[in-house]
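Undergrad: Would you mind keeping the following structure in view while I ask a few things?
Values quoted throughout were computed directly from the atomic coordinates according to the rules given, and no laboratory measurement underlies them. Note that the structure is a prediction, hence the values are computed from the model and not measured. In this analysis, Cβ positions are derived from the backbone assuming ideal geometry, glycine residues included, and neighbour counts consider all displayed protein chains.
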Amino acid sequence: GAVVSQHPSWVICKSGTSVKIECRSLDFQATTMFWYRQFPKQSLMLMATSNEGSKATYEQGVEKDKFLINHASLTLSTLTVTSAHPEDSSFYICSAPPWGRESQETQYFGPGTRLLVL
Amino acid sequence: SQQGEEDPQALSIQEGENATMNCSYKTSINNLQWYRQNSGRGLVHLILIRSNEREKHSGRLRVTLDTSKKSSSLLITASRAADTASYFCATETFNKFYFGSGTKLNVKP
């Protein structure tokens, strides 16, 4: 089946630094990818939609200057948490529907990246 | 949550019993899906039900959908200790997925 990978799987950083998280579709192309955030014992919250070749669209309440998204190619989207603070500590998950099936039901989820900001 | 609530928030049952989880959502949907998540791990897709379907089965899973009430239920029959996980419903609207608040299921051996 289709695979989505994330790197790194976990990261610890100091407050004020920026952290980049990669999301890759390994055996399919994706013009659209989605980024989610999950705080402990809570549900996944959709943060933004990453669009290859154009700007990302952000959900209400998500700061676009704080969470920079770059969809560099049909297999790679990156999320950069800029000037990270402890409240940004969370589990970040990406997902992608195969290209041409964006309106279809299936999305493939990455394994997640756990971010801890000290 | 962005989409709706699930109940119960937590459910503890004995192995062999059935587990029922409910999900309510807010907007019109194209489809509704159920996922499981083991602690601190990624999501596993379980089953999808389209907006024009009322019931669907997959192995020990049974999903119902009532679009008039904007609700869905997931039934896991003959539960096993390995079913212990968090379960989330997710609705798809305009190509975006929105997740419910989740039910934490504990199946005791």
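Undergrad: Need one number for chain B: average projected area of the convex hull over its C-alpha atoms, nm².
TA: Taking the Cα atoms of chain B, their convex hull projects to 6.3 nm² on average.
Undergrad: What distance in nm lies between label points placed 7 Å from Cα along the C-beta direction at B:Ser68 and B:Ser12?
TA: Reported label-point gap for B:Ser68 and B:Ser12 is 3.8 nm.
Undergrad: Next up: For peptide B:91-103, what's the mean number of Cβ atoms from other chains within 10 Å of each residue's Cβ?
TA: Across B:91-103, the average partner-chain Cβ count within 10 Å equals 4.
Undergrad: When N counts the residues of segment B:13-67, how does its alpha-carbon radius of gyration compare numerically with 2.2 N^0.38 Å, as a ratio?
TA: So the Cα radius of gyration is 1.26 times the expected 2.2 N^0.38 Å.
Undergrad: Could you identify which residue out of B:Asn95, B:Asn38, B:Asn18 has the top mean-square fluctuation in a GNM of chain B using Cα springs shorter than 10 Å?
TA: Most flexible of the set in this elastic network: B:Asn95.
Undergrad: To the nearest 20 debye, what charge dipole does chain B have about its Cα centre, counting +1 at the Cβ of each Lys and Arg and -1 at the Cβ of each Asp and Glu?
TA: Roughly 180 debye, rounded to the nearest 20.
Undergrad: Taking the beta-carbon count within 10 Å as an exposure proxy, list A:Trp10, B:Trp34 from fewest neighbours to most.
TA: Least to most surrounded, the residues fall as A:Trp10, B:Trp34.
Undergrad: Now for a separate question. Name the cysteines of the protein assembly as shown that stand alone by the Cβ rule: no other cysteine Cβ under 4.7 angstrom.
TA: For the protein assembly as shown, the answer is A:Cys13, because their Cβ atoms have no other cysteine Cβ under 4.7 Å.
Undergrad: Can you give the Rg/Rh ratio of chain A, where Rg is from the C-alpha atoms and Rh is the Kirkwood radius?
TA: 0.95
Undergrad: What is the dipole size for the protein assembly as shown, taken about its Cα centre, with +1 at each Lys and Arg Cβ and -1 at each Asp and Glu Cβ, in debye to the nearest 20?
TA: Charge dipole of the protein assembly as shown: 180 debye, to the nearest 20.
Undergrad: Taking a 21 Å limit on the Cα-Cα distance, which of the listed pairs A:Lys20/B:Lys96; B:Lys70/B:Lys96; A:Lys55/B:Lys96; A:Lys20/A:Lys66 fall beyond it?
TA: A:Lys20/B:Lys96
Undergrad: Let me ask something else. So for chain A, taking the charge dipole from beta-carbon charges (+1 Lys/Arg, -1 Asp/Glu), which of A:Phe67, A:Val11, A:Leu46 sits furthest toward the positive end?
TA: Sorting the options by dipole projection puts first A:Val11.
Undergrad: Taking the alpha carbon gyration tensor of the protein assembly as shown, what are the square roots of 5 times its eigenvalues, largest first, to the nearest whole Å?
TA: 30, 20, 16
Undergrad: For a quick check: sort A:His85, A:His71, A:His7 by the number of other beta carbons within 10 angstrom, fewest at the front.
TA: A:His85, A:His7, A:His71
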